[in-house]
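A.B. asks: Once you've had a glance at the structure underneath, I'll fire off some questions.
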Amino acid sequence: MILKRVCALFSAAVMTVICSAGVLAAEPKPAPGDISAKAAVLIEASTGTVIWGKCERERLPMASTTKIMSTILTLESGDLDTEFVVDSDAVRTEGSSMGLREGDIVSKRDLCIGMLLPSGNDAANCAAVRVGGSMDGFAQMMNAKASKLGMTSTHFVTPSGLHDDDHYSTAADMALLTSYALRNPDFREICSSKSLKLQFGNPPFDRWLTNTNKLLSKYEGCIGVKTGFTDEAGRCLVSAAERNGVTLICVTLNAPDDWNDHARLFDYGFSVTESVNIGSKTYSCCAVGGDRDSIALMTQRDIILPKINGKTADVTFSAAVPQRIYAPVSEGETLGLLTVKSGSRVIDEIPLISAESLLQKGGEGYEPPLIAQALDFVKELLFK
């Protein structure tokens, strides 16, 4: 009995299993039709697998698609709904605007909407000052985040994307950034909205802001993300679309025919990708103070993996669960987390729940005898 519990305790701490159902290495094929972009990439969002690319690692200006980074930093800074007065200098800028004026009262959430929908340069500047303390301070935050995400060929200077010779990225880096940003529920909600009503001004009053991303209406399943244009960068577009459990991200830089470029690439991408249900996973964990010595955990939902060009992702599963699970436990209770990775990239996180109930030994108020408590203490010293 004791040996069984010690073994269960040791195996339940962190468990890693490799699922090998084919090597995930999509073989790029020519996309249908001509692609006008100087640089382009199409990736599967969860794994980052490149399905099709054209000069995707060439450094180019990316115009207002920059605001993907500015928005995610603003969202992650928290305190989104506290109102404040905009910085007087930040609202004075050229180009597209959400309509801010000196003295206007806004929230950071308002500024995120203003960045992603009408592509407000004023919103980006005000967010930069509020979050980073200054434009330069925010640029440092942008570059630090880019480095952390692995955007190795990107350098930010402005929060809005107005042209600067030292402000550049690549289609591949922007796709990487977007796959990260789409994991944020607030970002997904805002960038997928065709229009949103909000209040700002002095005093605040209702406004409707409209999304510049026409692909939301032009392509079925489109869920965002961001347009951009400057004379130097040309037309830039980052978009994402979902179909049958698959999410694709497309980036084009300097693309005269960007709407059609994205539609063609998505059509191609969805023709070579699908989602595969590999079912659930179960684990056995050490139980204490219950009517038995172990309890089964299972994933709250089935595991879905992408399949590209006939090959399913190679992934690892890491289950984080308590060293001990104390009775009583109800069936369906959340007790751990399963992390699914493709290489070093987290592609999914699924709660682990109890597959069964664990009744408390001896009924309500039962406590294990002193010898059992002492044994638990020794186990913790040995295995923590």
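A.B. asks: So who's got an amide H within less than 5 Å of the one on Arg235, skipping anything under 5 residues away but keeping other chains? H placed 1.01 Å off N, in plane.
C.D. replies: Counting only residues 5 or more places away or on other chains, the set is Asn254, Ala255.
A.B. asks: Normalising by the residue count of region 32-122, find the relative contact order in percent from Cα pairs under 8 Å and 6+ residues apart.
C.D. replies: Details: 104 pairs, mean separation 21.8, N = 91.
Result for region 32-122 is 24 percent.
A.B. asks: Another one. ³J(HN,Hα) across region 279-290 via Karplus (A = 6.51, B = -1.76, C = 1.60, θ = phi - 60°), whole Hz, x for Gly/Pro?
C.D. replies: Once θ is set to phi - 60°, the couplings for region 279-290 become x, 9, 10, 10, 9, 10, 10, 5, 10, 10, x, x Hz.
A.B. asks: Inverting the mean 1/r over all pairs of different Cα atoms, compute the Kirkwood radius of region 157-285 and quote it in Å. Before the final figure, lay out each step's value.
C.D. replies: Values: mean 1/r = 0.0596 Å⁻¹.
Computed over Cα pairs of region 157-285, the Kirkwood hydrodynamic radius comes out at 16.8 Å.
A.B. asks: Considering the Cα positions of region 32-92, please state its Rg to one decimal place and its Dmax as a whole number of Å.
C.D. replies: Here Rg and the maximum Cα pair distance are 17.6, 50 Å.
A.B. asks: Here is a further query. With a 1.4 Å probe and all protein chains kept in place, how much accessible area does Thr210 have, in Å² rounded to the nearest 10?
C.D. replies: Estimated to the nearest 10 Å², Thr210 gives 90 Å².
A.B. asks: Okay, next question. Please determine, in degrees from 0 to 90 and to the nearest 10, the orientation of helix 121-132 with respect to the longest principal axis defined by the Cα atoms of the chain, where the helix direction is its Cα long axis.
C.D. replies: That helix lies at roughly 40 degrees to the long axis.
A.B. asks: Taking the chain as the reference, fit the longest principal axis to its C-alpha atoms, fit the long axis of helix 258-272 to the helix C-alpha atoms, and give the angle between the two in degrees, 0 to 90, nearest 10.
C.D. replies: Once rounded, the angle reads 30 degrees.
A.B. asks: Something else now. Over region 174-213, what is the mean sequence separation of C-alpha contacts under 8 Å (at least six apart), divided by residue count, expressed as relative contact order in percent? Display every interim value, and only then the final one.
C.D. replies: Details: 28 pairs, mean separation 11.0, N = 40.
Across region 174-213, relative contact order equals 27 percent.
A.B. asks: Still on this structure, please answer the following. Along region 210-217, what does the Karplus equation 6.51 cos²θ - 1.76 cosθ + 1.60 (θ = phi - 60°) give for ³J(HN,Hα), rounded to whole Hz, x for Gly and Pro?
C.D. replies: For region 210-217, the Karplus-derived couplings read 10, 6, 6, 7, 5, 5, 4, 9 Hz, x marking Gly and Pro.
A.B. asks: If you don't mind, there's one more thing I want to ask. I'd like to know which of Ser97, His167, Ile35 lies farthest towards the positive end of the charge dipole of the chain, counting +1 on Cβ of Lys and Arg and -1 on Cβ of Asp and Glu.
C.D. replies: The Cα lying farthest towards the positive end belongs to Ile35.
A.B. asks: Dipole of the chain, Cα-centred, from +1 at each Lys and Arg C-beta and -1 at each Asp and Glu C-beta, to the nearest 20 debye? Please report the intermediate quantities before stating the final value.
C.D. replies: Working: 37 positive and 46 negative charges, 183 e Å.
For the chain, the charge dipole is close to 880 debye.
A.B. asks: Got a sec? What order do Asp261, Asp89, Asp293 fall in by accessible area at 1.4 Å, biggest, i.e. largest, first? Before the final figure, lay out each step's value.
C.D. replies: Numbers: Asp261 0, Asp89 110, Asp293 30 Å².
I get Asp89, Asp293, Asp261, largest accessible area first.
A.B. asks: Also, I was wondering about something else. I want to verify a result. In a Gaussian network model of the chain, Cα cutoff 10 Å, which of these has the top mean-square fluctuation: Asp173, Asp231, Asp104?
C.D. replies: Among Asp173, Asp231, Asp104, the largest mean-square fluctuation in the Gaussian network model of the chain belongs to Asp231.
A.B. asks: Hey, another quick one. Would you list Val41, Val50 from the most to the least accessible area, probe 1.4 Å?
C.D. replies: On the way: Val41 0, Val50 50 Å².
Ranking Val41, Val50 by accessible area, largest first, yields Val50, Val41.
A.B. asks: What is the ratio of the Cα radius of gyration of the chain to 2.2 N^0.38 Å, where N is its residue count, to two decimals? Please list the in-between numbers first.
C.D. replies: On the way: Rg = 25.0 Å, N = 384, 2.2 N^0.38 = 21.1 Å.
That ratio works out to 1.19.
A.B. asks: Here is a follow-up. What accessible area, in Å² to the nearest ten, does a 1.4 Å probe give for Arg188?
C.D. replies: My reading of the accessible area for Arg188 is about 80 Å².
A.B. asks: Among Leu337, Leu265, Leu305, determine the one that fluctuates most according to a GNM of the chain built with springs between C-alpha atoms less than 10 Å apart.
C.D. replies: Checking each option, the largest mean-square fluctuation is seen for Leu337.
A.B. asks: P(r) for region 151-190, please, calculated from all Cα pair distances in 5 Å bins and given in %.
C.D. replies: Result, from short to long distances: 5, 22, 21, 24, 18, 7, 1 percent.
A.B. asks: Roughly speaking, what is the centre-to-centre gap between region 221-293 and region 95-158 when only Cα atoms are used, to the nearest Å?
C.D. replies: Centre-to-centre (Cα) distance: 24 Å.
A.B. asks: Given a 1.4 angstrom probe, I'd like the percentage of the accessible area of region 214-299 that is carbon and sulfur, rounded to a whole number.
C.D. replies: Working: 1360 of 3210 Å².
After summing per-atom areas, the C and S share lands at 42 percent.
A.B. asks: For region 227-337, compute Rg over Rh where Rg is the Cα radius of gyration and Rh is the Kirkwood radius from the inverse mean 1/r over Cα pairs. Show your work: numbers first, answer last.
C.D. replies: On the way: Rg = 22.5 Å, Rh = 18.0 Å.
Ratio of gyration radius to Kirkwood radius for region 227-337: 1.25.
A.B. asks: Given H placed on each backbone N at 1.01 Å, which residues far from Ser46 in sequence or on other chains put an amide H within less than 5 Å of it?
C.D. replies: Thr247
A.B. asks: Which far-off residues, 5 or more places away or on another chain, put their amide H under 5 Å from the one on Tyr326, with H placed in the peptide plane?
C.D. replies: Val288
A.B. asks: Taking 1 over the mean of 1/r across every pair of different Cα atoms in region 39-161, what Kirkwood radius in Å do you get?
C.D. replies: Values: mean 1/r = 0.0662 Å⁻¹.
By the Kirkwood definition, the hydrodynamic radius is 15.1 Å.
A.B. asks: Compare Thr273, Thr82, Thr178 in a GNM of the chain, Cα atoms joined below 10 Å, and give the one with the largest fluctuation.
C.D. replies: Its mean-square fluctuation being the largest, the pick is Thr82.
A.B. asks: Taking the chain as the reference, fit the longest principal axis to its C-alpha atoms, fit the long axis of helix 171-181 to the helix C-alpha atoms, and give the angle between the two in degrees, 0 to 90, nearest 10.
C.D. replies: Roughly 50 degrees, rounded to the nearest 10.
A.B. asks: I'd like to compare 65-74, 131-140: which one has the highest average count of other Cβ atoms within 10 Å, and what's the full order after that? Don't skip to the end; give the middle numbers.
C.D. replies: Numbers: 65-74: 27.5, 131-140: 16.6.
Descending mean neighbour count gives 65-74, 131-140.
A.B. asks: Calculate log10 I(q)/I(0) of region 95-242 for q = 0.17, 0.19, 0.21 Å⁻¹, where I(q) comes from the Debye formula with a single equal point scatterer on each Cα and nothing for solvent.
C.D. replies: -1.04, -1.31, -1.56
A.B. asks: A follow-up question, please. For region 243-301, what's the relative contact order in percent, using C-alpha pairs closer than 8 Å and at least 6 residues apart? Each step should come with its number before you reach the end.
C.D. replies: Working: 47 pairs, mean separation 15.6, N = 59.
Relative contact order for region 243-301 comes out at 27 percent.
A.B. asks: With θ set to phi - 60°, apply the Karplus curve 6.51 cos²θ - 1.76 cosθ + 1.60 along region 298-303 and write out the HN-Hα couplings as whole Hz, x wherever there is a Gly or Pro.
C.D. replies: 9, 5, 5, 9, 5, 8
A.B. asks: Longer than 23 Å from Cα to Cα, which of Lys67/Lys194; Lys67/Lys148; Lys194/Lys341; Lys311/Lys341; Lys226/Lys307; Lys281/Lys341 are they? Say none if no pair is.
C.D. replies: Over 23 Å apart, Cα to Cα: Lys194/Lys341; Lys226/Lys307.
The values are calculated or read from the model by the stated rules, or taken from the named source; none is laboratory data. Because the structure is predicted, anything quoted here is derived from the model rather than measured. Reconstructed Cβ throughout: ideal geometry from the backbone, glycine too, with neighbour counts over all protein chains shown. What goes into the accessible areas is simple: the full protein's heavy atoms, side chains included, and nothing from ligands, DNA or RNA. Shrake-Rupley method; radii C 1.70, N 1.55, O 1.52, S 1.80 Å.
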